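The values are calculated or read from the model by the stated rules, or taken from the named source; none is laboratory data. This one's a predicted model, so the numbers in the text were calculated from it and none came from an experiment. Cβ coordinates were reconstructed from backbone atoms using ideal geometry, including for glycine residues, and neighbour counts include every protein chain displayed.
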Amino acid sequence: MKSVFHLVFPKAILDPFSAHLRAMALLAQAPRSHSLSAPVTSRDVLHQNDADYVSDYSICASFIHTTLIKNPPARLVVFPLRLDDVEPTAQILCRAFAGGPYGKPVTFVRKYLMEQTGTMPMSTTLTAWLVPDSFEENMNPDDVNAESGCELVGMADVSIDNRSRADFEETGVEVPGHATYLSNVAVTDKQRRRGIGAALVEAAEELGLELGYGQMALHVRQGDIPATSLYESIGYSTVAVEKGGMMINKVPRVLMMHPLDLLGGLE
């Protein structure tokens, strides 16, 4: 399986660095705590009050997820993209979709990822790293880099901004406002079939839970059996099939969704 999602570049709503500066300017304020007792039914992060905006930003910026993968066993850590990691992450994303209908030149992807470092909480790019056994379980992401023996092996995008889904309007596969949206999952060639893609999905769902959402949504191309089978195996189900809009090579996209375990996330 070459890649598990099609390539999506959400439309910019604000200048990303303005969004970043807004959050940083508000960080001195005490953020509210999220209640996970019910999913968010709708959200417009551009018009959130300052406390809510800063809370969401803090959740995204400080997010870290660790898990074990297989073949051979190793520890994987997932956290938001850093500026220093834009270039290798762009290479991973480009190679994952090279030669396909969603391929983009590396200059385009590099610019997109540069912007992604400043769009939290609207959109968060997660990066996945293999770390040596010598690393502590509660590691500091600042210590995770190639110089310390770690390896960047994948990425995924998580969006909570309704307007980042504009490409899907009036196609029958629109992403509901109450769901986080997952796209651009990519894994390096040599590290595939180790469960890293599934681990990135798991990390994205955890971030969605921390932000208070009750569902995760994604798109696959109709007929992509490996990808569809993967998502079905972890609880995703088909909600709708594209009926118009920007079909790629006349192949409809399929909207799949998965309810998140809000109560489990509280435990």
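So the values come out like this:
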read-out	value
Verdict on GLU137 being under 17 Å from HIS258 (Cβ atoms) and out of contact with any Phe, Trp or Tyr (no Cβ under 8 Å at 6 or more places or on another chain)	no
Number of positions in the stretch 51-89 that are among the hydroxyl-bearing types (Ser, Thr, Tyr) and surrounded by 19 or more Cβ atoms within 10 Å (Cβ to Cβ)	4
Test: THR124 is assigned to a helix (DSSP H, G or I) and either crowded, with 20+ Cβ neighbours inside 10 Å or not acidic (Asp, Glu) (or both)	no
Near pairs, Cβ below 9 angstrom, 6+ apart or cross-chain, from the stretch 166-193 (within 23 Å of LEU113 (Cα to Cα) and touching a residue at least 40 places away in the same chain (Cβ under 8 Å)) to any residue that is in a helix (DSSP H, G or I) and among the aromatic types (Phe, Trp, Tyr)	VAL175/PHE168; ASN184/PHE97; ALA186/PHE97
Hey, ASP189 farther than 15 Å from TYR213 by Cβ, of a type in the set (D, E, K, R), surrounded by fewer than 22 Cβ atoms within 10 Å (Cβ to Cβ) and modelled with pLDDT under 90 or not	yes
Residue check for TYR231: of a type in the set (Phe, Trp, Tyr), modelled with pLDDT under 95 and part of a helix (DSSP H, G or I)	yes
Answer residue from the stretch 142-162, given it is part of a helix (DSSP H, G or I) and loosely packed, with under 15 Cβ neighbours inside 10 Å and is nearest to the chain's Cα centre (by Cα) among those	ASP142
Matching residues in the stretch 234-254 - criterion: being closer than 13 Å to PHE168 by Cα, among the hydrophobic types (A, V, I, L, M, F, W, C) and either at pLDDT 95 or above or in a loop (DSSP other than H, G, I, E, B) (or both)	MET246, MET247
Criterion (under 19 Å from VAL185 (Cβ atoms) and either in contact (Cβ under 8 Å) with a residue 12 or more places away in the chain or in contact with a Gly (Cβ under 6 Å, 6 or more places away or on another chain) (or both)) met by exactly one of PHE79, PHE135	PHE79
